[in-house]
Amino acid sequence: MARREKPRLSHVGRDGSARMVDVSEKRPTHREAVARGSIRISKEAMKLVREGRSKKGNVVETARLAGILAAKRTSDLVPLCHPLALDHIDVAVSESESGFDIEARVRSRGPTGVEMEALTAVSVCALTVYDMVKAADKTMVIENIRVMEKKGGRSGHYVREQRARRARPPRARSEGSERAKSE
């Protein structure tokens, strides 16, 4: 039976200092990661977005493009992330019952995974929606950003277990509501 290594933080040296992982000896493999997240938006603000009445332009397309650009710039944002040549980035923004669901899929052939690029794409896509809609809704919530799947590399194939969705609390109608006061 193969001996399993103890889990450890790869970006922390023995002395506790932050360090960039040396991937120079790792063989390039096909890598893929899928991340998801969402942004809750009021019904009134969603109506404005649907009708194309955002003063800043097409919210969904701008946010999608921002997510793609962010994935390409992840190493500029996350200090110990390796700069990677990405082969494919897809960011999908779909309307949900309470706002938008966002999914990013990133592919590369390289010595290290692309989870950070997928997570960054989802995060910046959601932030862009927030930026473009904040004049109409200051109660938006960005939430549940997570890796859903990753393929390639030494750790193999990971798929997040699907759990039953919890019921979300009702959205606040105005800044004076109980929810707005508690946040």
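Got a sec? Which of ARG163, ARG146, ARG109 is under 14 Å from SER38 (Cβ atoms) and surrounded by fewer than 18 Cβ atoms within 10 Å (Cβ to Cβ)?
ARG146
With respect to LEU80, is the statement that it is in contact with a strand residue (DSSP E or B) (Cβ under 6 Å, 6 or more places away or on another chain), in a loop (DSSP other than H, G, I, E, B) and surrounded by fewer than 24 Cβ atoms within 10 Å (Cβ to Cβ) true? Talk me through it step by step, then tell me what you get.
Numbers: in contact with a strand residue (DSSP E or B) (Cβ under 6 Å, 6 or more places away or on another chain): no; in a loop (DSSP other than H, G, I, E, B): yes; surrounded by fewer than 24 Cβ atoms within 10 Å (Cβ to Cβ): yes.
It is false that LEU80 is in contact with a strand residue (DSSP E or B) (Cβ under 6 Å, 6 or more places away or on another chain), in a loop (DSSP other than H, G, I, E, B) and surrounded by fewer than 24 Cβ atoms within 10 Å (Cβ to Cβ).
Filter the range 53-72 down to the residues that are without any contact (Cβ under 8 Å) to a residue 40 or more places away in the chain and in a loop (DSSP other than H, G, I, E, B) and list them by number.
If the condition is that a residue be without any contact (Cβ under 8 Å) to a residue 40 or more places away in the chain and in a loop (DSSP other than H, G, I, E, B), then ARG53, ASN58 are the ones that fit.
Here is a yes/no grid of residues against (1) farther than 23 Å from VAL141 by Cβ; (2) in contact with a Ser or Thr (Cβ under 9 Å, 6 or more places away or on another chain):
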{"residue": "ARG14", "(1), (2)": "yes, no"}
{"residue": "ARG19", "(1), (2)": "yes, yes"}
{"residue": "HIS30", "(1), (2)": "yes, yes"}
{"residue": "VAL59", "(1), (2)": "no, yes"}
{"residue": "ILE68", "(1), (2)": "yes, no"}
{"residue": "HIS82", "(1), (2)": "yes, yes"}
{"residue": "ALA85", "(1), (2)": "yes, yes"}
{"residue": "THR112", "(1), (2)": "yes, no"}
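If a residue must be crowded, with 24+ Cβ neighbours inside 10 Å and part of a helix (DSSP H, G or I), how many such residues does the range 112-123 contain?
So the count comes out to 5.
Checking GLY52 against (1) at pLDDT below 95; (2) closer than 21 Å to GLY110 by Cα, which single condition isn't satisfied?
Condition (2) is where GLY52 drops out.
The values are calculated or read from the model by the stated rules, or taken from the named source; none is laboratory data. Keep in mind it's a predicted model, so treat the numbers as computed, not measured. Cβ coordinates were reconstructed from backbone atoms using ideal geometry, including for glycine residues, and neighbour counts include every protein chain displayed.
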